[in-house]
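The values are calculated or read from the model by the stated rules, or taken from the named source; none is laboratory data. None of the values given here were measured: they were computed from a predicted structure. Every residue, glycine among them, receives a Cβ derived from its backbone with ideal geometry; neighbour counts consider all protein chains shown.
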């Protein structure tokens, strides 16, 4: 569930000499985008559509939003959308089913908080059903965190997280069938950094990976709003560019060396690393991992922390055993790696409207 970013030099943009009017018309206003993002993240109302909107704000790989929802009497089904799979980076649909688990956790939290508590059931094919009944709302700070959570792909300030908050994060990520290992020692974080850089280098030298990644890049607010998905440049702290220029700038300025250096700096700036490992490598357990990492992320957000996925050692199969050994869980397949710490707030990623994801 990686969010890839661009490193685009300001000088490269200047050389291309785009006129001010043409530039603005090509990328649209950041104020327009801010209003669009705020509407997506408004507090949930009484409608079932509000619960589904909360579910769509969950973390997911490449922001492909690989889900569909079906609302019936007293139940909401969450179904995989294979058309939004990423077969190069995620050949066995691992990230897809983790993403469904993330969405399901948001749905259950929002449901209970708005007076529709229920039970989640995972089916053999990895789809889920949330069955609910009307009841008294169950307030929780995690409801507000749903709208605020984001993958903050920027440098943090390296401040340590208090022990009590680390304990709260550990409890949040405890789900039956899933193991959570939190690294705060610098020597182990340094070893994790080296694995991330090795994985990133392998991916950045793979033409198929780059081609798939570029399909999901959104270089400006207009494109992000129109598509409602993908990796929005400003959400990674990068400049916005017209659609005709973005891919060219990516090819010119995004290199294995620059990306490796960026990831190394980002991990060095982080307070800790969370590694999630399922006890079994199947769809039901991948969904459990998604639920665990989403609750972890929401708890971190409520505590004022920022997070970002650094899943390269999961996605590059040859690095998984070394990552599992680093986590002290040799023999298990690692599922998710997240860094966390104190950092800035960036623009939010786009989301498709509820009407586009419901059947």
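Computed quantities for the displayed model
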read-out	value
For residue 219: the one exception among (1) in contact with a strand residue (DSSP E or B) (Cβ under 7 Å, 6 or more places away or on another chain); (2) farther than 23 Å from residue 96 by Cβ	(1)
Residue count for the stretch 198-220, restricted to those that are within 19 Å of the chain's Cα centre (by Cα) and part of a helix (DSSP H, G or I)	9
Matching entry among 258, 270 (being at pLDDT 95 or above, within 26 Å of residue 187 (Cα to Cα) and in a loop (DSSP other than H, G, I, E, B))	270
Near pairs, Cβ below 6 angstrom, 6+ apart or cross-chain, from the stretch 42-56 (in contact (Cβ under 8 Å) with a residue 40 or more places away in the chain) to any residue that is assigned to a loop (DSSP other than H, G, I, E, B) and buried (at least 16 other Cβ atoms within 10 Å of the Cβ)	44/114; 50/44; 54/44; 56/351
Residue that is at pLDDT 95 or above, surrounded by fewer than 23 Cβ atoms within 10 Å (Cβ to Cβ) and not in a helix (DSSP H, G or I), where the choices are 280, 226	280
Criterion violated by residue 300 - all others in (1) surrounded by fewer than 19 Cβ atoms within 10 Å (Cβ to Cβ); (2) in a helix (DSSP H, G or I); (3) under 17 Å from the mean Cα position of the chain (by Cα) satisfied	(1)
Near pairs, Cβ below 8 angstrom, 6+ apart or cross-chain, from the stretch 116-137 (touching a residue at least 60 places away in the same chain (Cβ under 8 Å)) to any residue that is in a loop (DSSP other than H, G, I, E, B) and exposed (fewer than 13 other Cβ atoms within 10 Å of the Cβ)	116/133; 116/134; 116/135
Every residue from the stretch 140-160 that is surrounded by fewer than 21 Cβ atoms within 10 Å (Cβ to Cβ) and farther than 19 Å from residue 55 by Cβ	154, 155, 157, 158, 159, 160
Restricting the stretch 250-267 to residues that are farther than 16 Å from residue 207 by Cα and touching a helix residue (DSSP H, G or I) at 6+ places or on another chain (Cβ under 6 Å), the residue that is surrounded by the most Cβ atoms within 10 Å (Cβ to Cβ)	267
Selection from the stretch 27-48 of residues that are assigned to a helix (DSSP H, G or I) and surrounded by fewer than 16 Cβ atoms within 10 Å (Cβ to Cβ)	30, 31, 32, 34, 35, 38, 39
